[in-house]
Amino acid sequence: MRWKTTLAAALLLPAAFGALAGESAPPWLARAADPGLTRLEREYAFQQLLMLADVSASMFVSTLASPDPARGAERRVAARLLGEIDFPSAEAPLLEATQAADYFLALAAGDSLARLYSRLDDREIHRLLKRGVPETASSDAEGGDDWLALSLDNARSRSRFRALVMRGLALKYAGNAEPMPEALVLCAWDSLLDGDRELRLAAVEAASLSGSNQAPERLAAFLYIENDPELLIAALKAMAALRPPEYGEAVERQARHADPAVALEALAALAAMGYGNAMFPVSEGALSAAGFVNHPSAPVRRRAVEILAESRDPRAAEYLAFALGDRIGPNRAAAAGAVGRLGFTAAIGFLSPLLNDPNPEARAAAALALDSLGVVGVTARMLDDLEGDDLPLRRSAAATLGRLGDRRAAGYLRKTLADPDLETAAASAIALGALGDREAGASLYRLMTGAANPALADAARRALAVLYADDDPGDSQGSRESWARRNGVP
């Protein structure tokens, strides 16, 4: 049955329902939206709100609908929360929020609406795509709801709504082994040609996931008529996933597109479709995906590294070694990660200097790659960072030591459980859990029960659950005391 609860009804739920939410959720909402807190604290608060969703959903709706400009951060959190829970009454305020002047609020609301629509059955999705408007309690009556008139007052707004429903359709079939019904496939074909940019982009994604044998042909035709670079990139990625060799010509013509990002995706698609010369140059100066690792654009270089890693071809080694010297830290990190995953031992000499890289992400990726390639001494280098004065490097080192899996780091990580920096202490707790260090059990238990910061206590709890074979200590004092007796933790 189609949702029939309006915003007004959502805000007039039983008093007991709202009272419980009012007692519990507002402080967590404030923390989740507080830019002065760490990422860990904000995410912990968000998870607490999710656990309160059954009794707080109406509060999330009222927060999202608030006109108070000072509550912008809380509205963004509320929009994100409403995408995580199945609460159909959120549809109306989320739709209005997609028209907000706050870009990040509009983005979060759009993502949440798409998730909401992905939970509908196929018949309801089809009806919404054909109508181009939501079906609310009074939308069948002449004039419709006030919020509907406000939010969908022109063709552009209606196209935006169809785009969100189309995104929901794509989300639904992203993990669905069943083919998309023919009626919905036809909606995707129609939207490829008739709609604004956002709708066509969503239609490309839905078409690629439809399971229809017509998808390669339709997307190939789309490549001939479309000019927008973002849309072309989406279609080329879809062709790379579908790998239809008979439509290589449509892809190949994009390999010389003026936009390098489009050209690179075309070459990657050609390589996936079996065109052997698209990934690596056959001669000096020949066009190939590998040639983009030294492109002036940093995002293009990063994507070239990702494509080379996906190829799993030994010829990628020399290009990835070159990319390790990229001037952008995250690009160096991506190249280091690719070298480690592909096992390119010849690149060890290029990786080693990154252990002193100023960028924590590149430093961590290099350490993990070198360790996977069998290089000794990586743990000692990360321990130097853990005991150093550079805060970002200390945080990164604590997390990396857990991933390296070297038990010799455990004694040092036990010391940093008391680090004054919340992120470092929490990363150390998680690392000790990953290392399987039962000797840290008592220290983690004391941290869990005595930490003033709930996010840090929760990190210790999760580490203990891993250490003791998924035996979670829980949140109450009684369950924790029982857990300690059961596991012999003093």
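What follows draws every value from the coordinates through simple rules; no lab data is involved. Source: prediction; values computed, not measured. FYI the Cβ positions are ideal-geometry reconstructions off the backbone, even for glycines, and counts take in every protein chain you see.
Give the shape of segment 437-490 as rounded, prolate or oblate, defined through the alpha-carbon gyration tensor: a ≥ b ≥ c are the square roots of its eigenvalues, a/c under 1.5 means rounded, and otherwise the shape is prolate if a/b is larger than b/c and oblate if not.
Judged from the Cα gyration tensor, segment 437-490 comes out rounded (a/c under 1.5).
Among Val282, Val489, which comes first, then next, by fewest other beta-carbon atoms within 10 Å?
Val282, Val489
Just to be sure I understand, if you calculate Rg and Dmax of the Cα atoms in Å for this structure, which of (1) 21.9, 71; (2) 22.9, 76; (3) 26.2, 74 do you get?
Matching entry in (1) 21.9, 71; (2) 22.9, 76; (3) 26.2, 74: (3).
So how strong a dipole does segment 214-278 carry about its Cα centre when Lys and Arg Cβ are +1 and Asp and Glu Cβ are -1, to the nearest 20 debye?
My answer is approximately 160 debye.
Identify, among Leu464, Val339, Ile430, the residue whose Cα sits farthest towards the positive end of the charge dipole of segment 331-474, taking +1 on the Cβ of Lys and Arg and -1 on the Cβ of Asp and Glu, with the dipole about the Cα centre.
Going by the Cα projections, it comes out as Val339.
Could you work out how far the C-alpha centroid of segment 44-100 sits from that of segment 402-418, in angstrom?
39
Let me know the charge dipole size of segment 307-432 about its Cα centre in debye, to the nearest 20, where only the beta-carbon of Lys, Arg (+1) and Asp, Glu (-1) is charged.
Details: 14 positive and 16 negative charges, 68 e Å.
Computed charge dipole of segment 307-432: roughly 320 debye.
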